[in-house]
1. Just wondering, is there one or more residues in the stretch 458-474 that are modelled with pLDDT of 75 or more and acidic (Asp, Glu)?
2. Looking only at helices (runs of 4 or more DSSP H) that lie completely in the stretch 620-735, which have at least 3 residues being closer than 30 Å to SER447 by Cβ and not polar (S, T, N, Q)?
3. Yes or no: the stretch 513-524 includes at least one residue that is in contact with a Leu (Cβ under 8 Å, 6 or more places away or on another chain) and modelled with pLDDT under 75.
4. Applying the selection to the stretch 541-557, what residues are among the small types (Gly, Ala, Ser) and not in a helix (DSSP H, G or I)?
5. Please note which helices (runs of 4 or more DSSP H) are completely contained in the stretch 384-444 and include at least 1 residues that are under 30 Å from VAL610 (Cα atoms) and at pLDDT 75 or above.
6. Identify, please: which residue in the stretch 640-653 is under 10 Å from the mean Cα position of the chain (by Cα) and open to solvent by less than 20 Å² (accessible area, probe 1.4 Å) and is, among those, nearest to ASP803 (Cα to Cα)?
7. Checking HIS188 against (1) of a type outside the set (Lys, Arg); (2) open to solvent by less than 10 Å² (accessible area, probe 1.4 Å); (3) over 30 Å from the mean Cα position of the chain (by Cα); (4) within 23 Å of ALA286 (Cβ to Cβ): exactly one of these is not met. Which one?
8. Can you tell me which residue in the stretch 774-797 is modelled with the lowest pLDDT, limited to those that are within 25 Å of the chain's Cα centre (by Cα) and among the charged types (D, E, K, R)?
Amino acid sequence: KKLGEAGLRAILQEVETHILDSLRIARRDNTAPSLSTDAGTGLELLTTAMQVPINRAILTQLDGDFKLLKLLLNVIRHGGGSSDSHATFDALLKVIQTLSDSDGDQAPKPSTPTGSSEGADKGSTKSLNMILKALEEEEVKALLSSQPSLVNVVGRLIPTLLTPAGCPTLAAKVSENVNFEDADSVYHKIYSSVATYCQDETFASALVSSNFVEKCSEFVMDGCPPCPPPQTETLHEDGSAWLEEPEKSEMKNAWTEYLAKAGLLECLKVVVPLAVFGGIQNAVGADFVATCFWLSNSSGVGEVGVEAEKFIENVVLNNSVMKKSIDEKEEKLKQRKKQLAEKRRNAALKAMQISTVVGALSANGGNNKVKATAAADKPKATPAWMLEMEEMGDDEECLVCCTCGEGYSYNPSGVMGVYSYLTRVSVPSIGSVEGNPLFSSLPSKISAMNVNLITSVTSPTTTPKKMKTIEDDAEEDVFLMKPTPPTSEEVIALNGLLIKAKQHNSEFRLLTNHKTLSTYSSVSAANAIHMQCHQRAVSADRSHKNPKTEWEGSTLRNSRVKCNCLLPLVGYGGINTSSYEDSIQKFFSSVSSQVGLSTNPSSSSSSSTVSRTFLSLHDVKNLLEKFSSGESLSETCQGGSTTSNAIHLIRLLSFSRSIATISELNGEVGPARAKAIPAAFVLNSVSSPPSSPSCLSNSVVFSAVCSLVFESAEFWSSYKHLFLRALLDSSTAAAPRTPSGNRRRALSLSDWDLVDEGGKRKLTANITEQQRSRLNLFLLVDKVAQLNLIGTKDLDNEQAVADTGDELGEYITSLQNAVDLDSLWRLFGGGGERLVTFET
């Protein structure tokens, strides 16, 4: 509860007295302080009190963070935190971090509010200066040298104290002390950690001004060979002199020496997180970017290649000018790969043709040279086997096994899987999210009197009205969504939905609406392998001289992108059904072993688990929400792109339909209920009086996912405006996938102009960040429907999957790069002026 100023002041005094007395007694008796095991009652009470926002705000006004930091430094000076567990050190650090993360807490306003923010900044700057000064003490430096684990703690602590006023000072310290050639220095370790953790645009600009970024760029480019690695021929022009001896061997040795350079990997790890800021990208220079491009597309470069790939991804997402240059390089690389593949294929075919002629001559004994010469000179028809091989080469371009190189054209019965990376996701109030309350509030019947339909936002018959906007008094044409009476055809259609929904209104999953259960979320770099090839590769990895686990070896086969499962692909009509179902069992075994979720294939109802059908639907939902909020998809698995995950989304939709079909054949009721969720959502949306807004807003995303997986394009077209309204309603709640502050650097959404109203960040045009994310999700679902990915029919070949994935990936990038509401409207397909004004 709220303790008040007097109470918190007394607790703070008790904490200070306990720590200083313990240190004083330890010095007097020449013994170790008891603080490692006894944090004191005051500190325990203070830790509990910090769970209340108003207490955190009051303690900050009392300069509590500054006083606690001074105590923390005293504890450090006397060995605090030197072991894995130190009660006082850990508790102090926890409270300080809690205070630093509570910028939005509202405290009672002081009598003279003017300059209060200045006072807070001064307090933080004072704390920062104090810790920077303490780091210069020999005693503290010696302790940090003997306890490397503390270095990272201090590196994490400093960014929490950073203010705009302190940026130049800290940037100067970073530039002065970071020396990648002397990586063992304590100050180097601390300040390089600061540069990595401190992701603030003002601080990034200060790093540029202090020449730190230029210093990093010069270090990376020092000793860098003048050409791409010669072992990666695709990065070289045709006929390049660097691919001829002796230059090739010289460059290969030069690259080996360069990649072994001490500090190279660490320097890239510092620069990569900063690459989201335009000033950093421009400061490193074009040569640095070109080198990272070479490394990101080269084999055998280890972790350096992974970091270079991350840098290129950050540049592409946040710098349109450099993106254009990198896109040109990517296109050139793609064409070069095709050229080399064609060259190798022609060489192989020519060799095989010559061997056939030689074999035929050998069979005749080689006696008649004149006949042999004539036969060689006579034009020959291309053998059938060569034509078949050429056709096979064209067919296998889209999806091939990464070990045997074969795809569905050559091996249509082989079950393939796509390497994916699973993470665990907790879903609060999972019953509400999955639409349980929708079935308990269905109307008894549908008539023109008890429903209200909303005119679609794309209705061409809607008459615009003049309306004053909130920004100014100017009038603009807007189209308002108005309730309209349904036609007889619409009433018939709604009654059909009612019949469908009522068949399942008693099939509640056996859990309460407010229970929290776990699901999973997957991402992928879209690299495929046959299930049998995977098993053989795993056996080979385990019997190797240096054995690897299943997923360590798989990560190497997956182009160094982390993976922990294989998502089975349904194929195109020729795969072995039994083998496919075995692959599904292995996939869910990976779900259990890798993220700790137990799945029960024989039942769709449980109080502690989620059925396989609903797990696969949650996976689609999680990926859609990541796309719509601009969350980085490569953050957790160190690879993958927007396009590869757009293709992954297409495959997840297909996988969800397959799981539902298999579950239905096994007699489960879960799939039929999932198919009825969109109908129940529509009926609750149009019923009069309307259902609870929270009921609709909680379940709208999952209902939209079920629409994509099970319903038709006509269904979505008829009722998508209902989903839009509920999505906007749901955006008034906190959006868990839209971080703010320093964590926004992980997002790939472009910046809209921001206004600050009462401490709450809002986007211009009265659109909040949460609403923008929900608008993105609506537009993304609508695009998926337009691409004919909705309903029960999957794409019929891999070329269609690749082409559709490319188009969908470009659309997602356009969503994330939209700069205002009009940009989103144009992506929606609207012409002329924006037809809808959305208001918070």
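The values are calculated or read from the model by the stated rules, or taken from the named source; none is laboratory data. All figures in this text were calculated on a predicted structure; none of them were measured in a lab. Positions of Cβ are backbone-derived with ideal geometry, glycine not excepted, and every protein chain shown enters the neighbour counts. Surface areas here come from the heavy atoms of the whole protein model, side chains and all, with no ligands, DNA or RNA. Shrake-Rupley method; radii C 1.70, N 1.55, O 1.52, S 1.80 Å.
1. In the first step, residues of the stretch 458-474 are kept if they are modelled with pLDDT of 75 or more; the result is none.
Taking every residue of the stretch 458-474 in turn, none turns out to be modelled with pLDDT of 75 or more and acidic (Asp, Glu).
2. On the way: elements: 642-665, 670-686, 693-710, 713-730.
Output list reads 670-686, 693-710, 713-730.
3. Narrowing the stretch 513-524 to residues in contact with a Leu (Cβ under 8 Å, 6 or more places away or on another chain): 517-524.
If we keep only those that are modelled with pLDDT under 75 too, we end up with none.
The answer is no, given that none of the residues of the stretch 513-524 is in contact with a Leu (Cβ under 8 Å, 6 or more places away or on another chain) and modelled with pLDDT under 75.
4. In the first step, residues of the stretch 541-557 are kept if they are among the small types (Gly, Ala, Ser); the result is 543, 553-554.
Correct list: SER543 only.
5. Values: elements: 384-395, 430-433, 436-440.
Fully inside the stretch 384-444 and qualifying: 430-433, 436-440.
6. Narrowing the stretch 640-653 to residues under 10 Å from the mean Cα position of the chain (by Cα): 640-642, 645.
Next, from what is left, pick out any that are open to solvent by less than 20 Å² (accessible area, probe 1.4 Å): 640, 645.
Numbers: GLY640: 17, ASN645: 13 Å.
Only one residue fits best here, namely ASN645.
7. Result: HIS188 passes all but (4).
8. Here the residue is ARG774.
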